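The structure under discussion appears below in the form of structure tokens.
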Amino acid sequence: MKRSKINEIIREADAFIRSFGYIMPPFAYWSPEEMKAHKADSEAIFTSRLGWDITDYGQEKFDELGLFLFTVRNGRYEDMKLGMGMLYAEKIMISRKDQLSPMHRHNIKAEDIINRGGGKLVLELFMHDRDGGIDAKAEVSVPVDGTIHRLPAGGLLKLDPGQSVTLLPGVWHAFWAEGKDVLIGEVSTVNDDLTDNVFRDPIGRFSNVEEDVAPLHLLVSDYEKWVG
């Protein structure tokens, strides 16, 4: 993706998020220079990979296959092993109308996916087989706001604004917005996008960035290169 396109998506996403009354944390608006200046006193932003995350999964067709994410808070896997500490994470995301977030599962992360407003959020769901792959026959059973919903393998779960679904580790899911763009909340156990995403198809998790202009704000995938 061109950096100019990423900057445009950030501006549009910020306006969309604010339209629902959700206010981003101050560090969201730090310039790249300010991010570098805060390296020492804001280490958790970088080690927990908080911030902007825009992906086309390396496929160069964001409008069809992509997702906007911002990680607001995130704990550490080391604490999960101890069973104490900051064991949770929160993201705000945007799925554009008919934009696919591709089929994947997580090994460790359990998550609540919440429709915070806009159109319907549609999820295609499968259970996993004994090897972790997709079970094309097993019934899917997931809690929607505490009430169990049962679907056939590959069934479509449609969430209206205000509704949420709990996905436990291993549940395969793809999702997209129907009717209008959707603001999505995610509350989960500790999140690790470097190692805990298993995709059905051979695609990447992050975008390949073409630096045609200066970045408006850094992406989490920029930190190592730009901040060190």
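The values are calculated or read from the model by the stated rules, or taken from the named source; none is laboratory data. Predicted model, so just to flag it, every value in this text is computed and none were measured. Neighbour counts are summed over all protein chains in view; Cβ atoms, including those assigned to glycine, are modelled from backbone coordinates with ideal geometry. Side chains are part of the model used for accessible areas, which takes the heavy atoms of the whole protein and leaves out ligands, DNA and RNA. Shrake-Rupley method; radii C 1.70, N 1.55, O 1.52, S 1.80 Å.
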Subject >> Lone unmet requirement of (1) part of a strand (DSSP E or B); (2) of a type outside the set (Val, Ile, Thr); (3) under 13 Å from the mean Cα position of the chain (by Cα) for Lys180 >> reply: (3)
Original post:
Does any residue in the stretch 190-217 that is touching a residue at least 60 places away in the same chain (Cβ under 8 Å) come within less than 6 Å, Cβ to Cβ, of a residue that is open to solvent by 80 Å² or more (accessible area, probe 1.4 Å) and among the β-branched types (Val, Ile, Thr) six or more places away or on a different chain, and which pairs are these?
Top reply: Asp196/Ile108
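Within the stretch 39-52, count every residue that is of a type outside the set (Gly, Ala, Ser) and surrounded by 15 or more Cβ atoms within 10 Å (Cβ to Cβ).
Let us first name the residues in the stretch 39-52 that are of a type outside the set (Gly, Ala, Ser), namely 39, 41, 43, 45-47, 49-50, 52.
Of the ones still in play, those that are also surrounded by 15 or more Cβ atoms within 10 Å (Cβ to Cβ) are 45-46, 49-50, 52.
Of the residues in the stretch 39-52, 5 are of a type outside the set (Gly, Ala, Ser) and surrounded by 15 or more Cβ atoms within 10 Å (Cβ to Cβ).
Residues are listed down the side, and each one gets a yes or a no for (1) open to solvent by less than 10 Å² (accessible area, probe 1.4 Å); (2) aliphatic (A, V, I, L, M):
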| residue | (1), (2) |
| --- | --- |
| Leu87 | no, yes |
| Asp98 | no, no |
| Asn107 | no, no |
| Ala110 | no, yes |
| Asn115 | yes, no |
| Leu121 | yes, yes |
| Asp129 | no, no |
**OP:** Can you tell me which residue among Glu78, Glu124 is without any contact (Cβ under 8 Å) to a residue 12 or more places away in the chain and not polar (S, T, N, Q)?
**Re:** Glu78
Original post:
Which residue pairs have Cβ atoms under 6 Å apart, sit 6 or more places apart or on different chains, and have a first residue in the stretch 3-17 that is open to solvent by 10 Å² or more (accessible area, probe 1.4 Å) and modelled with pLDDT of 95 or more and a second that is among the acidic types (Asp, Glu) and not in a helix (DSSP H, G or I)?
Top reply: Ser4/Asp212
